[in-house]
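Since the structure comes first, as C-alpha cells, the remarks are kept for the end.
Every read-out reported here was derived from the displayed coordinates using simple, explicitly stated rules and does not represent laboratory data. These figures come from a predicted structure and were not determined experimentally. In this analysis, Cβ positions are derived from the backbone assuming ideal geometry, glycine residues included, and neighbour counts consider all displayed protein chains.
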Amino acid sequence: MGQTRIVLDTNVLISSIGWRGKPREIFESVLNNEFELVVSEKQMIEIKRVLNYPKFNFTDEQKQRFYRLIR
C-alpha cells in the first residue's frame with residue numbers, strides 16, 4: 001500500500017507557515033514524507049492569491065519558498 005494522501009484546505013496551509021499549532025504539525029508531516037499532499041491547480045491559484053494578502057505580510061522569499069514546497 002502507498003503513502004497516505006491528504007488534502008488540506010488553503011486556510012490550513014497558510015496557517016502552517018504563519019503560525020505554530022496543528023496546521024504546522026500536519027504540514028511538517030507532509031515535509032517529512034509521512035503523507036502525500038494532494039493539491040489541485042485551482043487551489044494553487046488560490047494559495048498564490050492568498051499569500052499576497054497584505055494582512056499576512058509575507059516576504060516575497062517566504063511566498064516563493066512556500067509555493068515551491070507545495071508544488
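Observations
- Members of segment 17-38 that are touching a Leu at 6+ places or on another chain (Cβ under 8 Å), of a type outside the set (Phe, Trp, Tyr) and within 17 Å of Arg68 (Cβ to Cβ): Val30, Leu31, Leu37
- Matching residues, segment 40-57, being over 9 Å from the mean Cα position of the chain (by Cα) and closer than 18 Å to Arg68 by Cβ: Ser40, Glu41, Gln43, Met44, Ile45, Glu46, Lys48, Arg49, Val50, Leu51, Asn52, Phe56
- Only residues that are charged (D, E, K, R) and either touching a Pro at 6+ places or on another chain (Cβ under 7 Å) or assigned to a loop (DSSP other than H, G, I, E, B) (or both) were counted in segment 32-69, giving 1.
- Pair list, Cβ under 9 Å, 6 or more apart: segment 56-71 residue closer than 21 Å to Ser40 by Cβ, other residue in a loop (DSSP other than H, G, I, E, B) and not acidic (Asp, Glu): Lys63/Asn52; Phe66/Phe58; Ile70/Val39; Arg71/Val39
- Among the residues making up segment 1-26, those that are part of a helix (DSSP H, G or I) and either small (Gly, Ala, Ser) or surrounded by 14 or more Cβ atoms within 10 Å (Cβ to Cβ) (or both) are Thr10, Val12, Leu13, Ile14, Ser15, Ser16, Ile17, Gly18, Pro23, Arg24, Ile26.
- Conditions (1) surrounded by fewer than 16 Cβ atoms within 10 Å (Cβ to Cβ); (2) part of a loop (DSSP other than H, G, I, E, B); number of the one not met by Ser29: (2)
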